[in-house]
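Asks: Here it is, the structure, as structure tokens.
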Amino acid sequence: MLVRLCVAPIVLACAALPAVAQEIETGGKLRLTRGISTIEGQGGGGLTPWALITGDETDRGIGATAHVTAVELPDYSFLSYGVGVGLFDRVELSYTHQEFDTQDVGAALGLGQGFTFGQDVFAAKVRVAGDAVYDQDKWLPQIALGANWKSNDQGAVVNAIGGSDDEGWETYASATKVLLDKSLLLNGTLRWTNANQTGLLGYGGNLNDDHELMAEASIGWLLSRNLLIGGEYRMKPDNLAIAQEDDWLDLYAAWSVTRHITITGAYADLGSIATFDNQRGVYFSLQAGF
Amino acid sequence: MKHILLAFLFAAPAFAQSAPVTLPGEEEVDAYEVSNANAGAKPFESTTMLEAFHGREGISRIVDDLVEQVQKDPRTIEVFRASDFVRLRRTLKEQFCYILNGGCSYTGRDMVKVHEDHGVVASEFNALVELLQDAMDREGVSFGAQNKFLAKLAPMKREVVVR
Ligand code: HEM
């Protein structure tokens, strides 16, 4: 195909192609500007994606991250792990597996002690405008569009609790701006979703089946090149008659320990989950990347 | 009439400023128009930032440190291999001092012209940012003041990074 395209007028461009192909770089981003990995695997904060692209690559290379995240709540424990790839600081692809362990709740609900919902999240994100870090002379934030495909491995239980589907999709738009003169990072995300507890309890339900627009926001304050502290808020749908679902929020500190390792700790308030209220606990995430 | 002639005579050097500004010890450069606009950023209005950078002496130490480090760091060593460091030090000090409202004029070339032939890439730009951060750290400039200054330089990436 390439060879056939190499006719006279673009012969120069063709000659340049092999050279370009050899020059794929790794690394180059400033510390923390690849973000951390969300519980769903996208580059972002912990609960909500940002418009930043994962991996340390610049526009001339590729990068990747891997993460493990655990959330310990009074009645549940959550674990997610996955990988993300950043292409030319433009496109992000990620896969994350999640396990939501219902511990004693599982027994109480008749599902069995330690009954665990599993979910796979396949996600893609494209940066479409702006530069969060360098465009300090413009108000325009960095904007990215993303889509997630999610699959829950407990379809029968999802149906039993009133959920419609064990597979679902979401789309979102994120806008991220670093206000460098104030050492602040701001992010806003709008998500089009019908996921119940992000999909851990399926998608759509007996109260509402349709996708709805949910707003999410993060703020971060850079204390040093390697330390960002802040908070996040994530609105969520409420589709299941059996259990009210609450919005989520957290307070976090993300520490870029080395160029390749970022550790994030947070206090998260995840509200009521499957009739068990006040799920407030600690979040811990380890991200490695290049 | 006489006054007009005199005025013209005195004004003339201003028109003739397309002559390159090179000081003893510096290599010759092609002619260019001298202007503070070449610095690529508007200066701060108060003197708070100048104080945060410990005045002109602080700026001078930071630039000396930076110019030393770019010659050592494997990420920047190649780009600066053939540079005139005497001129680079002087013009960088002028530029930083001008932007930080230290009462200097910038007499160097504009950011597009001076970088267009160097093929700087984004990772090199970031490497230089980190070396500058290191130099500001060593000078004891607070993180907040560093970021205010970097916010002025950040948009220059569009002019410096050419591939
Ligand atoms: C915002 C960031 C930057 C600023 C403010 C800046 C400023 C300057 C200034 C003032 C000069 C000298 C102007 C003159 O001679 O008239 C210069 C020259 C130069 N800069 Fe930059 N620069 C920046 C980023 C970079 C980066 C990232 C690189 C490469 C890693 C780079 C490489 C060079 C080179 C190679 C020269 C020419 C030196 C010579 O040939 O004597 N600059 N720069």
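The values are calculated or read from the model by the stated rules, or taken from the named source; none is laboratory data. Since the structure is predicted, the reported quantities are computational estimates derived from the model, not experimental observations. Note that each Cβ is placed from the backbone with ideal geometry, even for glycine, and that neighbours are counted across all protein chains shown. Only protein heavy atoms, including side chains, enter the accessible area calculation; ligands, DNA and RNA are left aside. Shrake-Rupley method; radii C 1.70, N 1.55, O 1.52, S 1.80 Å.
Asks: So if each residue of separation counts as 0.36 nm, and I subtract the Cα-Cα distance between A:THR26 and A:PHE284, what length gain in nm does that give?
Replies: Here the answer is 90.2 nm.
Asks: Loop only by DSSP, 15 or fewer other Cβ within 10 Å of the Cβ. Give me the trypsin sites (Lys or Arg not before Pro) in the range A:61-167 that pass, ordered by residue number.
Replies: A:ARG90, A:LYS138
Asks: Obtain the nm distance between the two label points defined at A:ALA129 and A:ASP104 by a simple spin-label model: each point lies 7 Å from its Cα along the Cα-to-C-beta direction.
Replies: Going from the A:ALA129 label point to the A:ASP104 one covers 5.2 nm.
Asks: Right, another one. Which percent of the accessible heavy-atom area of the protein assembly as shown goes to carbon and sulfur, probe 1.4 angstrom?
Replies: 63
Asks: Pop out the ³J(HN,Hα) list for the range B:42-47 in order, Karplus 6.51 cos²θ - 1.76 cosθ + 1.60 with θ = phi - 60°, rounded to Hz; leave Gly and Pro as x.
Replies: 7, x, 5, 8, 9, 9
Asks: Provide the per-residue ³J(HN,Hα) series for the range B:131-148, in order, calculated from phi with Karplus coefficients 6.51, -1.76, 1.60 and θ = phi - 60°, each as a whole number of Hz, with x at glycine and proline positions.
Replies: 5, 5, 4, 4, 5, 5, 4, 5, 7, x, 6, 5, 4, x, 5, 4, 5, 4
Asks: Please enumerate, by chain and number, the lysines with C-alpha under 20 Å from the C-alpha of A:LYS138, excluding those fewer than 8 residues away in the same chain.
Replies: Within the straight-line cut-off, A:LYS138 pairs with A:LYS177, A:LYS182, B:LYS42, B:LYS148, B:LYS152, B:LYS157.
Asks: To the nearest 0.05, how large is the calculated FRET efficiency for A:LEU145 and A:ALA253 if R₀ is 35 Å and r is the Cβ-Cβ distance?
Replies: Calculated transfer efficiency: 0.75.
Asks: Just give the residues from the range A:49-64 buried by at least 50 square angstrom of accessible area in the all-chains context relative to the isolated chain, probe 1.4 Å, and say none if nothing qualifies.
Replies: SASA drop of 50 Å² or more in the range A:49-64: A:ARG60.
Asks: Here's a follow-up. Just check the range B:56-148 against the gyration tensor rule for me: Cα atoms, a ≥ b ≥ c as the square roots of the eigenvalues, rounded for a/c under 1.5, and otherwise prolate or oblate depending on whether a/b exceeds b/c.
Replies: The shape class here is oblate.
Asks: Would you mind getting me the FRET efficiency between B:LYS42 and A:TYR267? Use the beta-carbon distance for r and R0 = 41 Å, nearest 0.05.
Replies: The value I calculate is 0.50.
Asks: Moving on to the next point. Please check the range B:126-152 for residues whose accessible area, probe 1.4 Å, is lower by 20 Å² or more when all protein chains are in place than in their chain alone.
Replies: Residues passing the criterion (a loss of at least 20 Å², heavy atoms only) are B:ASN126, B:GLU130, B:GLN133, B:PHE143, B:ASN147, B:LYS148, B:ALA151.
Asks: Would you kindly state how much longer the chain becomes between A:GLU72 and A:PHE122 on full extension, computed as 0.36 nm times their sequence separation minus their alpha carbon distance, in nm to one decimal?
Replies: The A:GLU72-A:PHE122 span can extend by a further 15.6 nm.
Asks: For the pair A and B, how large is the buried accessible area, both sides, in square angstrom to the nearest 100, if the probe is 1.4 Å?
Replies: Chains A and B together bury approximately 1800 Å².
Asks: Oh, and also: Taking A:LYS236 as the anchor, which aspartates and glutamates have their alpha carbon closer than 12 Å to its alpha carbon, excluding any fewer than eight residues away along the same chain?
Replies: Candidates past the 8-residue exclusion: A:GLU212, A:GLU216, A:GLU245, A:ASP246, A:ASP247.
Asks: Quote the relative contact order of chain B in percent (integer), defining contacts as alpha-carbon pairs under 8 Å separated by 6+ residues.
Replies: Relative contact order comes out at 28 percent.
Asks: Given R₀ = 56 Å, FRET efficiency for B:ARG138-A:ILE242 by Cβ-Cβ distance, to 0.05?
Replies: The computed FRET efficiency comes out at 0.40.
Asks: Can you send over the solvent-accessible area of A:HIS260, 1.4 Å probe, protein chains only, in Å² to the nearest 10?
Replies: Ignoring ligands and nucleic acids, A:HIS260 comes out at about 90 Å².
Asks: Let me ask something additional. Quote the relative contact order of chain A in percent (integer), defining contacts as alpha-carbon pairs under 8 Å separated by 6+ residues.
Replies: Relative contact order for chain A comes out at 15 percent.
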